[in-house]
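Visitor: Please see the structure below; I have some questions.
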Amino acid sequence: MKRLLITLAIFGFALTIPTQKAHALIITSMSDPALTGATLIDFESQTNQFGLTSITIGNVEFVAVENFFNINDIFGNVFNKTGRYMENTISGFSNLTINFTNPVSAFGFNFGASDFTWSLRANLASGDVLDQTIPILLSSNAGDFFGFSAPNIVSATLSQDFPIPNLPTDYILFDNFKYVEQAGGNGVIPEPATMLLFGGGLAGAFIRKKFLG
């Protein structure tokens with residue numbers, strides 16, 4: 001009887017604890033705390049390549065939805081990039097898909113040279129989406145950085161806003177992609193109340209077995 005009362009007390013306490021839900025945040029800096037321990041893709045390990053429709057580096061796949069992209073180093077350290085980088089040129093993609101092998105809790109990248117606005121969307125395992133607009137950056141070299149922090153991000157898309165048919169694609173440069181894989185690999189993190197309820201359930205099952213078994 002004493003153990004049963006203890007179990008009921010644990011169960012009641014668990015119900016009083018509010019579940020903790022992570023909040024989505026927009027990332028605007030490479031040094032954002034959400035990117036602590038992040039893996040960096042800076043394209044320096046790649047050779048110059050042209051006319052690519054997709055490439056996988058580490059646990060990230062980059063896919064041009066239409067046309068292509070290049071990995072190049074023709075420009076110097078301008079347009080928020082360093083060394084080698086990804087570019088679309090005026091004939092390349094206006095939509096880029098980014099797929100993660102495992103869910104991530106944060107990602108971001110340097111972006112530059114845009115003459116139009118672009119949209120960044122993060123897709124969560126829950127089916128929810130996060131959106132932000134990347135402004136016109138022109139020749140900015142201020143380290144402009146864009147990304148999201150949220151649980152269980154499985155993919156992202158980068159799209160030019162209002163592309164004009166029969167006109168060149170907005171020529172952009174993309175570099176220093178950082179991502180943090182979700183703890184546990186599968187992106188499922190039990191909330192505190194869930195853990196206590198689970199523990200209480202095990203204790204209840206033990207007592208039931210002892211008294212009824």
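The values are calculated or read from the model by the stated rules, or taken from the named source; none is laboratory data. Given the structure is predicted, the values throughout are model-derived calculations rather than measurements. Because the Cβ atoms are built from the backbone with ideal geometry, glycine has one as well, and the counts that use them run over all protein chains shown.
Visitor: Collect the residues in region 132-159 that are β-branched (Val, Ile, Thr) and either touching a His at 6+ places or on another chain (Cβ under 6 Å) or free of Cβ contacts under 8 Å to residues at least 60 places away in the same chain (or both), keeping them in residue-number order.
Guide: Selection gives THR133, ILE134, ILE136, ILE153, VAL154.
Visitor: Say whether the condition of being of a type outside the set (Lys, Arg), without any contact (Cβ under 8 Å) to a residue 24 or more places away in the chain, surrounded by fewer than 22 Cβ atoms within 10 Å (Cβ to Cβ) and more than 22 Å from THR39 (Cβ to Cβ) is met by at least one residue in region 107-118.
Guide: No, that holds for no residue.
Visitor: Examine region 73-80 for a residue that is surrounded by 15 or more Cβ atoms within 10 Å (Cβ to Cβ) and without any contact (Cβ under 8 Å) to a residue 60 or more places away in the chain, and state whether such a residue exists.
Guide: Yes, the conditions are met somewhere in region 73-80.
Visitor: Given the condition more than 21 Å from ILE27 (Cα to Cα) and of a type in the set (A, V, I, L, M), answer yes or no: does some residue in region 81-97 qualify?
Guide: yes
Visitor: Additional query: Restricting to region 140-173, and then to whatever is small (Gly, Ala, Ser) and within 20 Å of PHE75 (Cβ to Cβ), can you tell me which residue is surrounded by the fewest Cβ atoms within 10 Å (Cβ to Cβ)?
Guide: Ranking the candidates gives ALA142 first.
Visitor: Could you tell me whether region 29-47 includes any residue that is assigned to a loop (DSSP other than H, G, I, E, B) and modelled with pLDDT under 95?
Guide: There is no residue in region 29-47 that is assigned to a loop (DSSP other than H, G, I, E, B) and modelled with pLDDT under 95.
Visitor: Additional query: When you go through (1) of a type in the set (A, V, I, L, M); (2) within 17 Å of MET86 (Cβ to Cβ); (3) without any contact (Cβ under 8 Å) to a residue 12 or more places away in the chain one by one for VAL129, which number turns out not to apply?
Guide: (2)
Visitor: Give the residues of region 30-56 that are surrounded by 15 or more Cβ atoms within 10 Å (Cβ to Cβ) and either under 18 Å from SER105 (Cα atoms) or of a type in the set (Gly, Ala, Ser) (or both), sorted by residue number.
Guide: MET30, ASP32, ALA34, LEU35, ALA38, THR39, ILE41, listed by residue number.
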